[in-house]
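Structure, as structure tokens:
Throughout, read-outs are computed from the coordinates displayed, never taken from laboratory work. All values derive from a computational prediction rather than experimental measurement. Every residue, glycine among them, receives a Cβ derived from its backbone with ideal geometry; neighbour counts consider all protein chains shown.
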Amino acid sequence: MNPPTNSRSMTDEMLDELLRQLAVWRVELVLFALPTGLGVWLYVRFGLFFAVAAPLALVATALCVGPLRRFLGRLLHRARVRRHLETAFHALPGVLSEKRPRIHKITRTTFGDRVELGLWRGTSIDDLAKAEAVLAASLGVRQVRCVANAAKRNLVTLTITRADPFAIASLRCPLLDVKRNSLWDPIPVGVNEEGGIVTLSLPERNVLLGGEPGAGKSVALSLLVAAAALDPEVDLWLFDGKVVELSAWSASARVFVGHDVQLAITVLEELTAEMDDRYDELLRRGVRKVTRAEGLRLHVVVIDELALYVAGIDKKSAQRFAELLRDLVARGRAAGIIVLAATQKPSTDIVPSTLRDLFGFRWALRCATRDASDTVLGAGWASEGFSASNLNSARRGVGLLLHEGGVPVQLRTFHLTDDDVRVLAERARQLRLGK
């Protein structure tokens, strides 16, 4: 009698499952087989004593030699992550269970793991993004986040977060331990989801910061101002719509402007003339842009509450200020002029798109809506999974920074108390006095 059809299919399924388990446990099986195989071979050749002693010595060496122990630890950790991921992929519904992503590389981070994946034809990052919550539950971790490679959409970086890197009440700013800073060096601004330090390079860059009130925008801006103020070779031009936010740095500033829009226009005209003089100087030197080697001073223009100057009651003055600032942002980078502008919502009705789109770096703190987040970061980022409206409102200082990497990075900003600002401002003042 022929066996039932379903009996053969059940056998096939059991064989498939056995092969799959052997594949996912392959590293552990190999590490187990090495001392076991050595013991069997020694038992056959030399007897029981050597069969027991040699494998024990091998295991003891692996545990006692630091570099070897750490290497085996990394190997076993990657194997465990791979096994759990493959099991989680296998349990996913839909196309991903049949065309499971290929795991290329696993890197351990401070708070989890970063996994490089390859997608099969017929699948996309959208399929994986929809399964983020399911994957996090299957892995028993806090969060799973996937980001597609900008150049190759079939390559995906999966970030597994096991602990909350932003749970610390406040992160001490490294600038507090610096006596003098150089703005040509990257500025440490916060900690990312993996626990790594996020830095920001300002030369030849302009930064637009946005977010709802209380999100930590002023602290983020103060970090950048502090880095510039602690470099006595930098000229600070401060425009403070609220007067009080940047007032601590006024003693280190070349110019400090409050809510007087006409004065702000006059100062921008002076700065534009200085930019033109700078280009004449570069022409005489035969160079195209200001570099560290040229020895020319950097100019940092800081504008808090940008909306006051570009969307005020006096439309003619607002338009004039916007035109001058647009010219400064567009042409000032090569001349060593850096513009840092902050506003609650840089929408088109407040900040003209012809000005807003010139800012290469964007920093979005917590926003009320996806549209508001896209207004800061740029259109389309929310649909890619980067929306500052999804940030926890209780975590002040957490935001998304779009800078050198070309993809927004979630980070928590280093904290500066009012006392910290006073300490740094006094240090900057003393530096500029040559003391």
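Numbers at a glance
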{"quantity": "Positive-end extreme of charge dipole, the chain - chosen from ILE350, GLN143, GLY336 (charges on Cβ)", "calculated": "GLN143"}
{"quantity": "Per-residue [θ]222 nm for the chain (sum of -39500 (n - 2.57) over DSSP H runs n ≥ 4, rounded to 500)", "calculated": "-14000 deg cm²/dmol"}
{"quantity": "Inter-centroid distance (Cα atoms) of the range 224-303 relative to the range 364-416, Å", "calculated": "27"}
{"quantity": "Cβ charges +1 (Lys, Arg) and -1 (Asp, Glu), total dipole of the range 159-258, debye", "calculated": "160"}
{"quantity": "Least to most buried among MET275, MET10 (fewest other Cβ within 10 Å first)", "calculated": "MET10, MET275"}
{"quantity": "Rounded to the nearest 20 debye, dipole of the chain from Cβ charges on Lys, Arg, Asp, Glu", "calculated": "1560"}
{"quantity": "Whole-Å distance, taken between Cα centres, linking the range 44-61 and the range 198-217", "calculated": "61"}
{"quantity": "21 Å tail of the calculated P(r), the range 313-434, as % of Cα pairs", "calculated": "52"}
{"quantity": "Neighbour-limited loop hits for trypsin sites (Lys or Arg not before Pro), the range 67-162 (at most 11 other Cβ within 10 Å; DSSP other than H, G, I, E, B)", "calculated": "ARG121, LYS152, ARG153"}
{"quantity": "Gyration tensor verdict on the range 112-193 (Cα atoms; rounded if a/c is under 1.5, prolate if a/b is larger than b/c, oblate otherwise)", "calculated": "oblate"}
{"quantity": "Lys, Arg +1 and Asp, Glu -1 on Cβ, resulting dipole of the range 174-432 about Cα centre, debye, nearest 20", "calculated": "200"}
{"quantity": "Most fluctuating residue given options PRO408, PRO67, PRO213, as computed from a GNM of the chain linking Cα atoms under 10 Å", "calculated": "PRO67"}
{"quantity": "Dipole of the chain, positive direction: furthest Cα of TRP237, ALA215, THR272, with charges on the beta-carbon", "calculated": "ALA215"}
{"quantity": "Along principal axes, Cα extents of the chain, largest first, whole Å", "calculated": "97, 53, 46"}
{"quantity": "Karplus (6.51, -1.76, 1.60) ³J(HN,Hα), θ = phi - 60°, over the range 416-423, in Hz, Gly and Pro reported as x", "calculated": "10, 7, 4, 5, 4, 4, 5, 5"}
{"quantity": "Value of D in µm² per second that Stokes-Einstein yields for the range 128-282, Kirkwood Rh from Cα pairs, at 20 °C (1.002 mPa s)", "calculated": "111"}
{"quantity": "Sorted by Cβ neighbour density within 10 Å, fewest at the top, the residues CYS146, CYS367, CYS173, CYS64", "calculated": "CYS64, CYS146, CYS173, CYS367"}
{"quantity": "The range 342-426: chymotrypsin sites (Phe, Trp or Tyr not before Pro) in DSSP coil with no more than 16 other Cβ atoms inside 10 Å", "calculated": "none"}
{"quantity": "Cβ-based exposure ranking for ILE103, ILE125, ILE337, ILE313, in which fewest neighbours within 10 Å come first", "calculated": "ILE313, ILE103, ILE125, ILE337"}
{"quantity": "Vicinal HN-Hα couplings computed from phi for the range 70-86 (Karplus, 6.51 cos²θ - 1.76 cosθ + 1.60; Hz; Gly/Pro x)", "calculated": "5, 4, 5, x, 5, 4, 5, 5, 4, 5, 5, 4, 4, 4, 5, 5, 5"}
{"quantity": "Members of LYS152/LYS345; LYS152/LYS289; LYS99/LYS152; LYS242/LYS316 lying beyond 23 Å, as alpha-carbon distances in this model show", "calculated": "LYS152/LYS345; LYS152/LYS289"}
{"quantity": "Under 5 Å, built H, 5+ apart or other chain: amide partners of THR109", "calculated": "ARG114"}
{"quantity": "Summed residue charge, Cβ within 11 Å of LEU401's Cβ, Lys/Arg positive, Asp/Glu negative", "calculated": "+1"}
{"quantity": "Amide H within-cut-off set for SER347, under 5 Å, with H built and near neighbours excluded", "calculated": "none"}
{"quantity": "Shape category assigned to the range 174-432 from the gyration tensor of Cα positions, a/c cut at 1.5", "calculated": "rounded"}
{"quantity": "Distant-in-sequence amide H partners of ASP231 (H built 1.01 Å from N, under 5 Å)", "calculated": "ASN181"}
